[in-house]
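Student: Please see the structure below; I have some questions.
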Amino acid sequence: MKNIVLFASGSGSNVENIVRYFQDNSKVNISAVLSNKKDAKVLDRCNNLKINALYFNRNAFYATECVLDILRAFNPDLIVLAGFLWKIPENLIAAFPDKIVNIHPALLPKYGGKGMYGNNVHEAVRANNETETGITIHYVNENYDEGAVIRQVKTSVSTDDTPESIARKVHELEYEYFPKVIAQLLEVE
Ligand code: GRF
């Protein structure tokens, strides 16, 4: 059995998609979803999906070992950041080398780094008249959006696209590819 722990800060549509993807897979267990936002929609989704959900605050994350202890207890084979907006502290990266992966809604190294999340990314892609964008699934290291790339998938951007339509295209790619890449990393396909 492979254990996954997910981190999310927002809506959690990727979390829900990943949970549903592995629902009938007896080799994969979603141990828990951890969130830094008490009122994040992802926590309601977890409630509906009957998935353990835990909340932690900034102090617990950066000044204590409590999240590390929780993770150790779950013994994850993979830690998946799905719309998680805080930088992962060094102690977690050191404890889980090559076991933390993130999805970024653009083709890194473009449109990465601090402040480049959600609609900021899609607005910047639009403003720069890019002809393509996409998703990047990558390992997490101590710098935002700089770990080794695992998989990138592209989609085209036309002059008719708005930040909202770009977001929709990117989300579609996320829903299609993120669970598959997770399954490959866990070797459960
Ligand atoms: C996704 O676009 C993901 O790439 C980014 O944050 C967004 C999360 O969306 N890192 P959701 O919370 O999964 O709906």
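Student: Nothing charged except the Cβ atoms of Lys and Arg (+1) and of Asp and Glu (-1): what's the magnitude of the dipole of the chain about its Cα centre? Round to the nearest 20 debye.
Tutor: On the way: 20 positive and 23 negative charges, 77 e Å.
Magnitude of the dipole: close to 360 debye.
Student: Run the helix sum for the chain: -39,500 (n - 2.57) per DSSP H stretch of 4+ residues, divided by residue count, reported at 222 nm to the nearest 500 deg cm²/dmol.
Tutor: Taken over the chain, the calculation gives -11500 deg cm²/dmol.
Student: Would you please calculate the Kirkwood hydrodynamic radius of the chain over all C-alpha pairs and express it in Å, rounded to one decimal?
Tutor: 16.8 Å
Student: Mind pulling the angle between the C-alpha long axis of helix 13-22 and the longest principal axis of the chain? Nearest 10 degrees, somewhere in 0 to 90.
Tutor: Helix 13-22 and the main axis of the chain meet at about 60 degrees.
Student: What is the list of residues in region 157-189 whose amide nitrogen lies under 16 Å from a point 7 angstrom out from the Cα of residue 26, following Cα to Cβ?
Tutor: Zone members listed by number: 188-189.
Student: Further question on the same structure: Could you state how much accessible area residue 154 has, in square angstrom rounded to the nearest 10, with a 1.4 Å probe and all protein chains kept in place?
Tutor: We get 130 Å² for residue 154.
Student: Tell me, in nm to one decimal, what length is gained between residue 119 and residue 38 on full extension, where the rule is 0.36 nm per residue of separation less the Cα-Cα distance? Intermediate values should be presented prior to the final figure.
Tutor: Working: separation 81, 0.36 × 81 = 29.16 nm, distance 2.15 nm.
Result for the pair: 27.0 nm of gain on full extension.
Student: Mind telling me which of 148, 82, 63 comes out most flexible in a GNM of the chain, alpha-carbon contacts under 10 Å?
Tutor: In this elastic network of the chain, the residue with the biggest mean-square fluctuation among 148, 82, 63 is 63.
Student: Follow-up question, since we're still on this one. Pick from 96, 178, 84 the residue whose mean-square fluctuation is largest in a GNM of the chain, springs joining Cα atoms under 10 Å.
Tutor: Top of the fluctuation ranking is 96.
Student: Wrap a convex hull around the Cα atoms of region 1-113, take a quarter of its surface area, and give that in square nanometres.
Tutor: Working: hull surface 28.9 nm².
Mean orientational projected area (region 1-113, Cα hull): 7.2 nm².
Student: Let me ask something else about it. By per-residue mean of other Cβ atoms within 10 Å, what is the highest-first order of 68-74, 117-123, 10-16?
Tutor: Details: 68-74: 14.6, 117-123: 17.6, 10-16: 21.1.
Order by mean packing, descending: 10-16, 117-123, 68-74.
The values are calculated or read from the model by the stated rules, or taken from the named source; none is laboratory data. This is a predicted model, so every value here is computed, not measured. Using ideal geometry, Cβ is built from the backbone for each residue, glycine included, and neighbour counts are taken over all protein chains shown. Please note that ligands, DNA and RNA were not included when accessible areas were found on the heavy atoms of the full protein model with its side chains. Shrake-Rupley method; radii C 1.70, N 1.55, O 1.52, S 1.80 Å.
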